[in-house]
Amino acid sequence: MMQISSDPASNKNSLLNVMHRFIAATNNMDETIMVPSLLRDVPLEVQESQQVVVVENEPPYPNKQKDMYEHYLLLKSIKNDMEWGLLKREMSGGASFLEMAVKQEEQQLIIGELPGEEGSDLEGQFHYHLRGLFGVLSKLTVQADHLTNRYKREIGGGNFMR
């Protein structure tokens, strides 16, 4: 019989572990990048793992960020949302994805739609979103590590100096 550890942090595939890896990679990025403004106007390198999604009437872009600086700010913003949740966003007046989802659910209730009508399989919905969360956090962790390594490489070679 296989013994399962009761400590979720010891399981490398746990959601907590994936979140910790992303936060650690983002903290490392933040500690390494001493002058974030040097990232302005430095184009993002398109990684092979990123797929370009073509939307009708829009040019194909793998990311909405224009340069490494915007990407750096995005990663920091996501980390802050994960650490502080909606409360910090509400205090600052911004809207996070989670807050928008909550508002959308509230609007559905006002209109008269029941939350369970679109699918009463809550377990299936949970697993679908959990897989998505794992995938997104893993990609964001790789991107934070990539940004950190590229900054080190560029600063070491002096390529950011103009």
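No lab work stands behind these numbers, since they all come straight from the coordinates. In this text, all values refer to a predicted model and were calculated from it rather than measured experimentally. In this analysis, Cβ positions are derived from the backbone assuming ideal geometry, glycine residues included, and neighbour counts consider all displayed protein chains.
Could you give each residue of segment 143-148 its phi-based ³J(HN,Hα) in whole Hz, using Karplus coefficients 6.51, -1.76, 1.60 with θ = phi - 60°, and x for Gly or Pro?
Result, rounded to whole Hz: 5, 5, 5, 5, 4, 4.
Which whole-Hz couplings ³J(HN,Hα) result when phi for each residue of segment 75-80 is put into the Karplus expression 6.51 cos²θ - 1.76 cosθ + 1.60, θ = phi - 60°, listed in order with x for Gly and Pro?
4, 5, 5, 5, 4, 4
Mind giving me the nanometre distance, one decimal, between the label points for Leu122 and Asn28, set 7 Å out from Cα along Cα→Cβ?
For Leu122 paired with Asn28, the spin-label model returns 3.8 nm.
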